[in-house]
Amino acid sequence: MKTSNISPRIAVYGLGFVGQQLAGFALDKGWEIVGAYNRAGDKVGRDLGTLIGREPIGLLVEDCETADYSQLNADLAFVAVSDRLEENFPSYERLMSAGANILCHGAESCNPRRLNPAIAERIQSLALKHGVTFTGSGIWDMTRIWAGILSVGPNTEIESMTHTSFTDIARQGVHLLRFCGAGLTVQEFEEKSVAGNGGLGGIAIIPPLCVADALGLDVIDVKEKVEPIIWDEDHQSHWLNETIPAGHVVGTRMHVDISTQEGITLHNCFEYRDFKPDEVEQLIWKVKGKPSMEVRIVREASHMASASSLFNRAPDVLTAEPGIREIWTYHPLRSSALN
């Protein structure tokens, strides 16, 4: 197995749960971190090493709004702020203008051209102007997108592809369980627009659209339904340290149906919710065709896998041509364990 021995200079933009893990991975590899940015708050001004529970490294976290990026000398910047391209764009502009390639932990960044063409055009223009590459990745890279692409490898005929998943969303931050509506009444779920564009609306369409684009399918229609998950018995949430009453929301279910010009349909059903003690995270791609196939993934440590997946794309981005590069234009994700 060939290894990629690289030692890029790194910037980390967004020092929440994922950003701190990325900083730790970089330090473990001996990569120099030359910039660390976060929104105003108690993280700003702290030594990055101390912030992530290690020895001081002599680099202070800067306010992302007031920092001077003109002297940033980073080969690669990890961005871990939002799932939405529009919200992330100021970070892209600041970092790419300073000459940094971008690896973004954000759902829409996996397929910018399809999900927000106007922002994608601006990203592409910036990337080409400054000779850098933009790629979105994360836990979906292998477990949802590449798993779907590879699931049809043996097929001579494809009728449909169905992707079902159950995610213990609080593993990646308890606030995300609240974001998915846990503990709310159904009325509160609707009032807070958990299913809207400011919430989970438009998120579940992303992996199947990435798979469709990777396979060269011509998408003609996309339908989405987002709804609360309700159980008919009380649930003791160890994440929230409270009992969610029967009839209250424990998470969100997202249905997606995609039709294509080729006659192949793609169906998605995601559940982002709290888990019962005996449940495990799993993702399934079921292919109906010749032959029918099923790929099943059990995620035992999704709290780490999201950041590690993004991190492991670094060698690809650093050697790619400038511009937007979607993850399916690279090879399947490779481990950094031997680097």
_Considering only residues that are in contact with a strand residue (DSSP E or B) (Cβ under 6 Å, 6 or more places away or on another chain) and among the aliphatic types (A, V, I, L, M), which ones fall in region 68-95?_
72, 74, 76, 77, 79, 80, 95
*asked:* Please pick out the residue among 192, 223 that is of a type outside the set (Asp, Glu) and either under 15 Å from residue 180 (Cβ atoms) or touching a helix residue (DSSP H, G or I) at 6+ places or on another chain (Cβ under 8 Å) (or both).
replied: 192
*Subset of region 189-208 that is touching a strand residue (DSSP E or B) at 6+ places or on another chain (Cβ under 8 Å) and not in a loop (DSSP other than H, G, I, E, B) - its residue that is farthest from residue 302 (Cα to Cα)*: 189
_When you check residue 211 against the structure, is it in a helix (DSSP H, G or I) and either in contact with a Pro (Cβ under 7 Å, 6 or more places away or on another chain) or touching a residue at least 12 places away in the same chain (Cβ under 8 Å) (or both), yes or no?_
yes
*When residues of region 99-147 are filtered for being part of a helix (DSSP H, G or I), of a type in the set (Gly, Ala, Ser) and in the same structural domain as residue 322 (by TED's automatic domain parsing), how many remain?*
6
*Considering region 57-82 alone, what residues qualify as being more than 22 Å from residue 24 (Cα to Cα) and of a type in the set (D, E, K, R)?*
65, 68
*What residue, of 158, 119, is out of contact with any helix residue (DSSP H, G or I) (no Cβ under 7 Å at 6 or more places or on another chain), of a type in the set (A, V, I, L, M, F, W, C) and modelled with pLDDT of 95 or more?*
158
_Testing residue 337 on (1) of a type in the set (A, V, I, L, M); (2) over 30 Å from residue 7 (Cβ atoms); (3) without any contact (Cβ under 8 Å) to a residue 60 or more places away in the chain, one condition comes back false. Which one is that?_
(2)
*asked:* Residue under question is residue 193, and the condition is that it be in contact (Cβ under 8 Å) with a residue 60 or more places away in the chain and hydroxyl-bearing (Ser, Thr, Tyr); does it hold?
replied: no
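Of all residues in region 99-134 being polar (S, T, N, Q) and surrounded by fewer than 24 Cβ atoms within 10 Å (Cβ to Cβ), which is farthest from residue 80 (Cα to Cα)?
Across region 99-134, the extreme among qualifying residues is 125.
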*Which ones in region 288-330 are of a type in the set (Val, Ile, Thr), crowded, with 17+ Cβ neighbours inside 10 Å and out of contact with any helix residue (DSSP H, G or I) (no Cβ under 8 Å at 6 or more places or on another chain)?*
317
*Can you tell me which residues in region 57-83 are in contact with a Gly (Cβ under 7 Å, 6 or more places away or on another chain) and farther than 23 Å from residue 6 by Cβ?*
60, 61, 81, 82, 83
*Quick one: which residue in 185, 252 is modelled with pLDDT of 95 or more, surrounded by 17 or more Cβ atoms within 10 Å (Cβ to Cβ) and among the hydroxyl-bearing types (Ser, Thr, Tyr)?*
252
*Go through region 1-98 and tell me which helices (runs of 4 or more DSSP H), entirely inside it, have 2 or more residues that are surrounded by 17 or more Cβ atoms within 10 Å (Cβ to Cβ) and among the polar types (S, T, N, Q).*
17-28, 85-97
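The values are calculated or read from the model by the stated rules, or taken from the named source; none is laboratory data. Quick caveat, the model's predicted, so the values are computed rather than measured. When we count neighbours, we look across all protein chains shown, and the Cβ atoms used for this are built from the backbone with ideal geometry, even at glycine.
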